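Asks: Right, I'll just put the structure down here and ask away after.
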Amino acid sequence: MLTTKLAKFCLSIAAVLTIPAFSNAQQMESHIGNLNGHSDAGKQLYFRYCWGCHGFRGDGDGENGPYLNILPRNFVAATFKCRSTPTGNLPTDEDLYNSLVRGLNNSNMPSWIALSSQQRADLVAFIKTFSPRWKNEKASDTIAVPAETPVTVESIKHGQELFQKLECWKCHGQEGRGDGPSAATLTDSNDQPIRPYNFTAGSRFKCGATNQDLYKIFMTGLDGTPMPSFADVIKPNDAWDLVHFLRTLQVAHNSPELTLWKSTKEGAEQVASKTVHGTPTGSGIK
Amino acid sequence: MYERWPHTVKKRIVWAASTFGLGILLLAIVLGDTRSVNASPLPTAGVRALPAFARKYGMPCSSCHEVWPKLSPFGQSFKDNGYQMMNDRDAPIFQQPAYWPVTFRITPIWHRESTNKIAVDNPAGPVGNQMEAQVTTHGFDWTGLDFHTAGTLAKNISFYVLPSSDNTGAFHFESVWARFDNLLGSSWLNVKVGKFELDNLLSEKRILTLSTNGGLYQNYHFQPIGENTGIFRFGLGDNQDGVEVMGHSKDDRTRYSVSLLSSNDGQPGLPSSRGYNTFVTASRAFQAGSFGVQRVGAFGYFGQAPTYFQYNQTAVTVVGQDINGNNVTSTATNPVLGTGVGNKGFYRVGFIGMWYVKKLDVTTMYFHGSDSAFLGTNTPANSPTGLPIGAQAPTWNGGLFETHYNLNPQLVLFNRYELIRMSQQAFGPNSANPSPSNLGNIDALTFGYRYYPFISSRAGFAFHNEFAVVRQRGVSPVNSLDVTGSSLLVGFDFAF
């Protein structure tokens, strides 16, 4: 009996020493510009930095998963919010890489910019080993992001009309506070409640901070969330108008769109009505 | 089962004891009866690894620490951001109300300390006659206790309070500071006020070694032999009181900091003088292919220290009465604290490189120090006779070579060699009583391993085994011979 227990103990020590061996054995690579990532190297990094949330099997069931109010990404399902590919498709290696660089704002996913670019590329390669989708599905083309149209008052007003017409307000609210009539009922693909983005409180989006990022968000949709793709609904120029209007909802973030909008009487009144004065909260935003 | 129980327990005890002793034996066999010296208590400076942060952000220790307490580049970035992930969820408002940012750390140990030349009474001589003897002791013990409380008060306002005790339970404040992060919306401008660790790339507070002889960086604390540490005490590894302006690039590749510090080596209550010191450091990291992120940097500490006290205070106290009923008094003259004057300068400068070759990392450091001849010879600046003949500024050079091999996030092998060489003694060749040129030179070697049986985001635990040996030239108390001290330590280092 003692021998058996000793053997078990030795085996457990050996297992702990080789934790990375828990991972999927298949090999993957990633290609981001001139970088070539390798899953073998990424495995070491994953089991140093990522497993606490994303789990040993990459299914988002890490030891901290139950305590996070936005569940960690399930790499086995391979459904990703931040993509440059059409809805339903896998993201590109560069999309995953950019998520590592940027982090996902308002979630527990931090920026991993402190790692080297090679390390991030290796991590991307390893993340792809968790799902057979990466082997079975053909890589999709990225959506085209045409040149941004000029920011004008007319563009902003047209974007405002689209905001009503496309019923963005149902989730995001008329003032963009994320408090539309449907907001309380929304759930993500994990059946977890999910809150629409509050434009008035934030300056960054989950999938980036630039106008191009915002354009991509509603042209690709955020897979796994109720945010759909509008690629088949609006034309590129209209999409840019919508971008310009959405920027004016971000009253805490100075942007050319907001500045222009505030220069009009109508815009100034709207912005003033959205701005909250008073004691700042811990978030330092309101 | 009932009959077998005592036998099983016995075997388990034997097995556990054998396992525990294995680390000791391995080193003891290799090293034999190495001779050593310093009988000072175990290092008690707060060493840092905060499961409180792991609990707050739900990340394993290995994210921020290559092996705790040593920071990874990601952990360094987190620290430089004011203990923030910068994902707009750093403020306490986003934590559960019950979250309390506290961590404690302590290490039960077995250790063996040996010093080859300690002054002891000579049993063959008259009373007061001393000789030198080797003193070796060993046994079970424990280190000091650290209570770390740190985090954010609000977005971009960070804090750190660290009450730390020695192993008798006597507490002091190792760190007390508040930091304003990302001022003007820029990561290049952060201001910290209070008592804090200098922005040393090679952090002594995150040192991997724990033993009496190995638990500190010799270069950070060296002062030439003969200096009066009562009025001038300084250690680059000591936390200092002041204000620090620090900045870094978004990816933390480029860093700088400038500090204005009170010249009292971090002691509370302004006990020494009204002088101020300056510490500056800058570093730049770069990527070297698949090897990882390499970093090089430089630092300089430029200070002044008093050479005498402007005022003294004589106190007469009644200690009893004689047979005639008259008071018997005792007279003591002490300096008035804070009135140290006659400041003279000193400086420490150095270069550091942190080199990563995949699982192996090597830290190299060049160190140079110099103190004013007044400080080196304990001469008050107002001395009517001036400096002694032949007095000169004590100057020295030092080096450090430290390697870590991270077999995986749970096992690290470490090794460090330090040396300090005097290039100029305070009492030079022209002095009436010149010092030997190698007086005070130090060689220090430390090696060992740390094994982390589990890694989680809740608590930290490490099995620690270490051996350290330090030799200092010409400092034995009776015969001025070389003194060698060694430490062997086995411990269970844990934090929660």
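The values are calculated or read from the model by the stated rules, or taken from the named source; none is laboratory data. Not measured: the values here are computed from a predicted model. Backbone-built Cβ (ideal geometry, glycine too); neighbour counts: all protein chains shown.
Asks: Are any of the residues in the stretch B:108-122 under 20 Å from the mean Cα position of the chain (by Cα), in a strand (DSSP E or B) and surrounded by fewer than 17 Cβ atoms within 10 Å (Cβ to Cβ)?
Replies: Yes - at least one qualifying residue is present in the stretch B:108-122.
Asks: Only residues in the stretch B:104-120 that are within 24 Å of residue B:163 (Cβ to Cβ) count as the first member; pair them with residues that are modelled with pLDDT under 95 and of a type in the set (Gly, Ala, Ser), Cβ under 6 angstrom, at least 6 apart or cross-chain, and list the lot.
Replies: B:105/B:495
Asks: Would you mention how many residues in the stretch B:361-395 are among the hydrophobic types (A, V, I, L, M, F, W, C), closer than 18 Å to residue B:421 by Cα and surrounded by fewer than 23 Cβ atoms within 10 Å (Cβ to Cβ)?
Replies: So the first thing to find is which residues in the stretch B:361-395 are among the hydrophobic types (A, V, I, L, M, F, W, C), and the list is B:362, B:365, B:367, B:373-375, B:381, B:387, B:389, B:391, B:393.
Then drop every residue that is not closer than 18 Å to residue B:421 by Cα, which leaves B:365, B:367, B:373, B:393.
Applying the additional criterion that residues be surrounded by fewer than 23 Cβ atoms within 10 Å (Cβ to Cβ) yields B:373, B:393.
The number of residues fulfilling the criteria is 2.
Asks: Okay, moving on. Residue A:115 - would you say it is at pLDDT 90 or above, buried (at least 23 other Cβ atoms within 10 Å of the Cβ) and part of a loop (DSSP other than H, G, I, E, B)?
Replies: On the way: at pLDDT 90 or above: yes; buried (at least 23 other Cβ atoms within 10 Å of the Cβ): yes; part of a loop (DSSP other than H, G, I, E, B): yes.
So residue A:115 passes the test.
Asks: Name, by its number, the condition in (1) part of a loop (DSSP other than H, G, I, E, B); (2) of a type outside the set (Ser, Thr, Tyr); (3) in contact (Cβ under 8 Å) with a residue 40 or more places away in the chain; (4) touching a Phe, Trp or Tyr at 6+ places or on another chain (Cβ under 6 Å) that does not hold for residue A:126.
Replies: (1)
Asks: Surrounded by fewer than 20 Cβ atoms within 10 Å (Cβ to Cβ) and of a type outside the set (A, V, I, L, M, F, W, C): which single residue out of A:185, A:200 fits that description?
Replies: Selected residue: A:185, the only one of A:185, A:200 that is surrounded by fewer than 20 Cβ atoms within 10 Å (Cβ to Cβ) and of a type outside the set (A, V, I, L, M, F, W, C).
Asks: Restricting attention to the stretch B:318-327, which residues are surrounded by fewer than 10 Cβ atoms within 10 Å (Cβ to Cβ) and either assigned to a strand (DSSP E or B) or within 34 Å of the chain's Cα centre (by Cα) (or both)?
Replies: Step one: filter the stretch B:318-327 for residues surrounded by fewer than 10 Cβ atoms within 10 Å (Cβ to Cβ), giving B:318-320, B:322-326.
The answer is B:318, B:319, B:320.
Asks: Under 26 Å from residue B:291 (Cα atoms) and within 14 Å of another protein chain (Cβ to nearest Cβ): is that true of residue A:49 in this structure?
Replies: The answer is yes for residue A:49.
Asks: Take the conditions touching a His at 6+ places or on another chain (Cβ under 6 Å) and either closer than 27 Å to residue B:138 by Cβ or not basic (Lys, Arg) (or both) and apply them to residue B:235. Does it pass?
Replies: Yes.
Asks: Taking the stretch B:338-360 as the search range and keeping residues that are at pLDDT below 95 and charged (D, E, K, R), which one is surrounded by the most Cβ atoms within 10 Å (Cβ to Cβ)?
Replies: B:359
Asks: Output the residue which, of all residues in the stretch B:381-429 that are polar (S, T, N, Q) and closer than 25 Å to residue B:481 by Cβ, is nearest to the other protein chains (Cβ to nearest Cβ). Spell out the reasoning first.
Replies: Step one: filter the stretch B:381-429 for residues polar (S, T, N, Q), giving B:382-383, B:385, B:392, B:395, B:397, B:403, B:406, B:408, B:410, B:415, B:423-425.
This time we only want the ones that are closer than 25 Å to residue B:481 by Cβ, so: B:392, B:395, B:397, B:423-425.
On the way: B:392: 46, B:395: 38, B:397: 33, B:423: 39, B:424: 42, B:425: 45 Å.
Going through the qualifying residues, I end up with B:397.
Asks: Please tell me if residue A:74 is within 14 Å of chain B (Cβ to nearest Cβ), out of contact with any helix residue (DSSP H, G or I) (no Cβ under 7 Å at 6 or more places or on another chain) and not in a helix (DSSP H, G or I).
Replies: Criteria not met by residue A:74.
Asks: List, please: which pairs have Cβ atoms under 8 Å, are six or more places apart or on different chains, and start with a residue in the stretch B:242-256 that is away from every other protein chain (no Cβ under 12 Å) and end with one that is part of a loop (DSSP other than H, G, I, E, B)?
Replies: The qualifying pairs are B:244/B:199; B:245/B:189; B:246/B:199; B:247/B:186; B:247/B:187; B:247/B:188; B:247/B:189.
Asks: Those residues that are within 12 Å of chain B (Cβ to nearest Cβ) and of a type in the set (Asp, Glu), I need them from the stretch A:52-71; list them, please.
Replies: The answer is A:63, and nothing else.
Asks: Another question, if that's okay. Checking residue B:457 against (1) at pLDDT 95 or above; (2) touching a Gly at 6+ places or on another chain (Cβ under 9 Å), which single condition isn't satisfied?
Replies: With respect to (1) at pLDDT 95 or above; (2) touching a Gly at 6+ places or on another chain (Cβ under 9 Å), residue B:457 is out only on (1).
Asks: Can you pull out the residues in the stretch A:149-168 that are surrounded by fewer than 17 Cβ atoms within 10 Å (Cβ to Cβ) and either of a type outside the set (Lys, Arg) or part of a loop (DSSP other than H, G, I, E, B) (or both)?
Replies: Scanning the stretch A:149-168 gives A:149, A:150, A:152, A:153, A:154, A:161, A:164, A:166, A:167.
Asks: So, one more: Can you name every residue in the stretch A:178-217 that is under 15 Å from the mean Cα position of the chain (by Cα), in a loop (DSSP other than H, G, I, E, B) and among the charged types (D, E, K, R)?
Replies: Passing the criteria: A:188, A:195, A:204, A:206.
Asks: Which of (1) farther than 22 Å from residue A:41 by Cβ; (2) touching a Leu at 6+ places or on another chain (Cβ under 8 Å); (3) within 14 Å of chain B (Cβ to nearest Cβ) is the odd one out, the single condition residue A:104 does not satisfy?
Replies: (2)
Asks: Of a type in the set (A, V, I, L, M, F, W, C) and out of contact with any Asp or Glu (no Cβ under 8 Å at 6 or more places or on another chain), is that true of residue A:76?
Replies: no
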